[in-house]
There are 2 protein chains.
Amino acid sequence: MNTNAFRSLSYGVYVVSSWDHGRAVGCIANSAMQITSSPATVAISINHDNYTNRCIADCGRFALAVLAEDSDPALIGNFGFCSSQTVDKFADTPYSIRGNLPVIHDACAYVVCEVVDTMETETHTVFLGKVTDADVLSSRDPMTYAYYHKVVKGKSPKNAPTYLPEEEPAQPKWVCTVCGYVYDGETPFEELPDDYVCPICKQPKSAFVKK
Amino acid sequence: MNTNAFRSLSYGVYVVSSWDHGRAVGCIANSAMQITSSPATVAISINHDNYTNRCIADCGRFALAVLAEDSDPALIGNFGFCSSQTVDKFADTPYSIRGNLPVIHDACAYVVCEVVDTMETETHTVFLGKVTDADVLSSRDPMTYAYYHKVVKGKSPKNAPTYLPEEEPAQPKWVCTVCGYVYDGETPFEELPDDYVCPICKQPKSAFVKK
């Protein structure tokens, strides 16, 4: 089996949000799709290890904010590479309550769902949500997962359904230990200014290690 | 609720295939996503009214061929706008048996699955498949659903999870009755040559009606 075939499947990039007893929580997901059109339902796949998983299970609702191509990549670092159990991901992220759920502003659309069914797998829960609210927030182009990898040069969290271990690079590379971003600029990493930050998760230069 | 929000969700375009007692059958799907990475599983959403749905349920297996941006658009007309119950969709479509399932050649990758779980909705079945075989067929870019709509200018079959009724056009337009393609060329439709065929499903000029 050649698992590179999985890289051909196309996805968007979403902030999935929910409530943890009144506290806004969320994570990044790319596995989301509409299941039926009437009534409208949407399914998402969330790893058991994601704190947002148990929050969705407990509160029975989730929202999907659709990231745009020019959404701040730091959103992916914040929502994709930290845990809502220990970090307040919404502390510095502008958001509004839409359909009774927290929805970030920097998105091109959102969908709010009430969980109507679940399907368990060894590592992920598929939540089937009946859409209770949805709207377009801007006319920006949605970010595809391919765009995230090719243009933003981002990586997949280990909890993602689409995570594939990276091949070892032939040459040593500087890698962000928080989000996995591999520095690929023309300036040698050592010569970057001290205030350089990871373009994905905004961590300082000191968060990078040579691999 | 603004259902236009659903247009922001990103998908690929796939030929889902299976066996009908030894006969190759298939349909077009855009709702497909990886659910887990280890073991690798993939979920697809197929309308109850699609003949392929009952074939997958009966034989317990399905394949996903990932269409490329430059895959023949006629594949979408053939697999997306006809029924395998009455049409042999593989009759004029080159394919091979991969992992014991029929996989079309004109694709950039394929994934073969054994159904391990299902989730029923009012109109669609979500099949969860454990991947038993997968490979890359070419380095072409996968076709996204957005590319299909924007560049190929194709429409959604009424059975698609993402189907939205089209708004009535302000001006009369010529529409292909087989696949829903709306003619948008510069030459007035009436002045097109008699051998004009629909660029999506290859139906003759006579298959178009003015709406």
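The values are calculated or read from the model by the stated rules, or taken from the named source; none is laboratory data. In this text the structure is predicted, and so the values were computed from the model without any measurement. Virtual Cβ from ideal backbone geometry, glycine too; neighbours counted across all protein chains shown.
Does A:ARG23 qualify as being surrounded by fewer than 24 Cβ atoms within 10 Å (Cβ to Cβ) and within 26 Å of B:GLU69 (Cα to Cα)? The answer is no for A:ARG23.
Yes or no, residue by residue, for (1) farther than 24 Å from A:ALA160 by Cβ; (2) in contact with an Asp or Glu (Cβ under 8 Å, 6 or more places away or on another chain):
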{"residue": "B:MET1", "(1), (2)": "yes, yes"}
{"residue": "B:TRP19", "(1), (2)": "yes, no"}
{"residue": "B:GLY26", "(1), (2)": "yes, no"}
{"residue": "B:ASN30", "(1), (2)": "no, no"}
{"residue": "B:SER45", "(1), (2)": "no, no"}
{"residue": "B:ASP49", "(1), (2)": "yes, no"}
{"residue": "B:GLY80", "(1), (2)": "yes, no"}
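For segment A:154-181, taking the residues that are hydrophobic (A, V, I, L, M, F, W, C) and farther than 13 Å from A:VAL197 by Cα, the one that is modelled with the highest pLDDT is identified as A:ALA160.
Of the residues making up segment A:88-104, those that are over 15 Å from the mean Cα position of the chain (by Cα) and outside any strand (DSSP E or B) are A:ASP88, A:ALA91, A:ASP92, A:PRO94, A:GLY99, A:ASN100.
When each of B:ILE56, B:ILE46 is tested for being within 13 Å of chain A (Cβ to nearest Cβ) and more than 15 Å from A:SER8 (Cα to Cα), the lone residue that passes is B:ILE46. Of the residues making up segment A:99-120, those that are at the interface with chain B (Cβ under 9 Å from one of its Cβ atoms) and touching a residue at least 60 places away in the same chain (Cβ under 8 Å) are A:ALA107, A:VAL111, A:VAL116, A:THR118.
Residues that are surrounded by fewer than 24 Cβ atoms within 10 Å (Cβ to Cβ) and within 15 Å of A:PRO102 (Cβ to Cβ) within segment A:33-57 comprise just one, A:TYR51.
Between B:ARG23, B:ARG7, the distinction of being over 22 Å from B:VAL103 (Cα atoms) and either more than 7 Å from every other protein chain (Cβ to nearest Cβ) or in contact with a helix residue (DSSP H, G or I) (Cβ under 9 Å, 6 or more places away or on another chain) (or both) belongs to B:ARG7 only.
Residue-wise test of (1) surrounded by fewer than 24 Cβ atoms within 10 Å (Cβ to Cβ); (2) more than 16 Å from the chain's Cα centre (by Cα); (3) not in a strand (DSSP E or B).
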site	(1), (2), (3)
B:VAL112	no, yes, no
B:VAL115	yes, yes, no
B:THR118	yes, yes, no
B:GLU122	yes, yes, yes
B:VAL131	yes, yes, no
B:ASP135	yes, yes, no
B:ARG140	yes, yes, yes
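How many of the residues making up segment B:35-60 are farther than 12 Å from B:SER84 by Cβ, aliphatic (A, V, I, L, M) and over 13 Å from the mean Cα position of the chain (by Cα)? Residues meeting the conditions: 5.
Looking only at residues of segment B:115-153 that are among the basic types (Lys, Arg) and within 23 Å of A:ALA5 (Cα to Cα), we find that the one that is modelled with the highest pLDDT is B:LYS130.
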